[in-house]
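Comments concern the structure below.
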Amino acid sequence: MSMLMKNKKEILRKLNIERLNPMQEEAQLAIQNCKEVVLLSPTGTGKTLAFLLPIIADLSPSSEEVQCIILVPSRELAIQIEQVTREMGSGYKTNAVYGGRSVFKDKMDLKHRPAILIGTPGRVADHLRRERFPTSAVRTLVLDEFDKSLEIGFEEEMEEIINALPQVEKKVLTSATHEVTIPRFVGLLDPVYVDYLKDKIAQLQVKSIISPEKDKLKTLVAALCHLGNSPAIIFCNFKDSIKRISDFLTENHIEHGCFFGGMEQQDRERALIKFRNGTHQLLVATDLAARGIDVPTIKFIIHYHLPHRVQEFTHRNGRTARMQQEGTAYILQWEEERLPDFIPNLDVEILQEAPIPEASVWQTLFISGGRKDKISKGDIVGFCCKQGQLDPKALGMIELKQDCAFVAVHRSKVKQLIQRLDNTRLKKRKVRVNLI
């Protein structure tokens, strides 16, 4: 246990976290000591770290096989957990596999087995069918956001995976909602529940914005001007609507990103990166962005369309007012539109005329070198500030990936920085630097 405490302190130091929150402490204790744990906690409270800490502490350094499988409903969540695991610097190999990623890359990663394999149920089930790695050493199974995986149709694959893992000794299920039944095939006998949903003290307000016209685009722009420059998500029900809204925002010189299931994986990842680092303050998205993705503190969300079910309404609203901070969810409502029963009577926000929000001061640069080239965030800071002669104040968030990096830079410095750095050496690698 003392070794675990020592490792935990070191990991938290690497993540710049002073201490775990009460949910994380209780979850860690439960996962250490119990074979079946169901962790229920709102979006944004740190469930990933809560289950990773005890799981990593329990891995065997002498094993060269996959020891833990983490199943997730979306590619973004797989990538996010992989990133957190690597930032923890545990020394254990971790890989994420998911639909849309090259199968050749998966095969290469699985050739030298990761201790932790993260993946969507469809892709993991496919690798198991093709016997791309043995299952005899898999002792831990995590079903992260398991209700979402069930909801989007992964039930058969999840059952197939669980049946293919006879040696599993520990099962951890996580969710941000109560409204779900755990299927029998999961095989839970006597689970311990760590339930923090009832304790959410988030300061969430829900208000209505009335549109005099059935077509709500003009009212949306007026609302964005009124609400000002803060990170926000505009939720829609259809990807066709996202294109229409995006075109209208572009016409009105309002910068934004888009995020929905039909996009190429690279475009989805880059939309989130630019939202996280402040290049875009607005994200126009489907319910794919309602949970399971890593986004910054959001001051408000706008329901351009209302979801059909209360669960999705709750998850969307959970993107703001996270971790006991304040936030507001606005419903953009045509004046003759009747709201569903799950929404109570709302206060109406009166819009004040205001100018178009100013564009962000940040832009995002792509650098064609990453972790596999032994490049660190510190190397990138030196590359930009010493070699590129950039004032450190003009350097924003850095996201380091396996084979590349993304850097937020003050827009007034972008052109000259590219001229100084493109086609030069970062450590031993010649890299391309360009604007995305």
Every listed condition ((1) part of a strand (DSSP E or B); (2) assigned by TED's automatic domain parsing to the domain that holds Cys236; (3) more than 18 Å from Leu220 (Cα to Cα); (4) hydrophobic (A, V, I, L, M, F, W, C)) holds for Phe366 save (2)
Checking Asp215 against (1) outside any helix (DSSP H, G or I); (2) farther than 23 Å from Ala78 by Cβ; (3) touching a residue at least 24 places away in the same chain (Cβ under 8 Å); (4) touching a strand residue (DSSP E or B) at 6+ places or on another chain (Cβ under 9 Å), only one condition comes out false. Which one? (3)
Can you list the helices (runs of 4 or more DSSP H) lying wholly within the stretch 87-156 that have 3 or more residues being among the hydrophobic types (A, V, I, L, M, F, W, C) and either touching a Phe, Trp or Tyr at 6+ places or on another chain (Cβ under 7 Å) or surrounded by fewer than 21 Cβ atoms within 10 Å (Cβ to Cβ) (or both)? 103-111
Within the stretch 92-99, does at least one residue satisfy the condition of being within 30 Å of Asp190 (Cβ to Cβ), in the same structural domain as Gly187 (by TED's automatic domain parsing) and of a type in the set (A, V, I, L, M)? no
Step by step: first the residues of the stretch 17-64, then only those that are surrounded by 20 or more Cβ atoms within 10 Å (Cβ to Cβ) and assigned to a loop (DSSP other than H, G, I, E, B), then the one that is modelled with the highest pLDDT. Which residue is that? Ser41
Checking Glu145 against (1) touching a residue at least 12 places away in the same chain (Cβ under 8 Å); (2) farther than 30 Å from Tyr330 by Cα; (3) among the charged types (D, E, K, R), which single condition isn't satisfied? (2)
Hey, Phe248 hits all of (1) within 25 Å of Thr314 (Cα to Cα); (2) among the aromatic types (Phe, Trp, Tyr); (3) more than 26 Å from the chain's Cα centre (by Cα) but one; which does it fall short on? (1)
Being in contact with a helix residue (DSSP H, G or I) (Cβ under 7 Å, 6 or more places away or on another chain), crowded, with 16+ Cβ neighbours inside 10 Å and of a type outside the set (A, V, I, L, M, F, W, C) narrows it down to one of Gly318, Gly388, so name that one. Gly388
Any hit, the stretch 343-353, residues being touching a Phe, Trp or Tyr at 6+ places or on another chain (Cβ under 9 Å) and part of a strand (DSSP E or B): no
Just to be sure before I move on: is Arg75 surrounded by fewer than 21 Cβ atoms within 10 Å (Cβ to Cβ) and under 19 Å from the mean Cα position of the chain (by Cα) in the structure I sent? no
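Residue by residue, here is whether (1) touching an Asp or Glu at 6+ places or on another chain (Cβ under 8 Å); (2) hydrophobic (A, V, I, L, M, F, W, C); (3) assigned by TED's automatic domain parsing to the domain that holds Leu29 holds:
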| position | (1), (2), (3) |
| --- | --- |
| Lys107 | no, no, yes |
| Thr135 | no, no, yes |
| Phe146 | no, yes, yes |
| Pro166 | no, no, yes |
| Pro183 | yes, no, yes |
| Pro191 | yes, no, yes |
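The values are calculated or read from the model by the stated rules, or taken from the named source; none is laboratory data. Everything numeric in this text was worked out from a predicted model, so none of it was measured. So basically every Cβ, Gly included, is an ideal-geometry build from the backbone, and we count neighbours across all protein chains shown.
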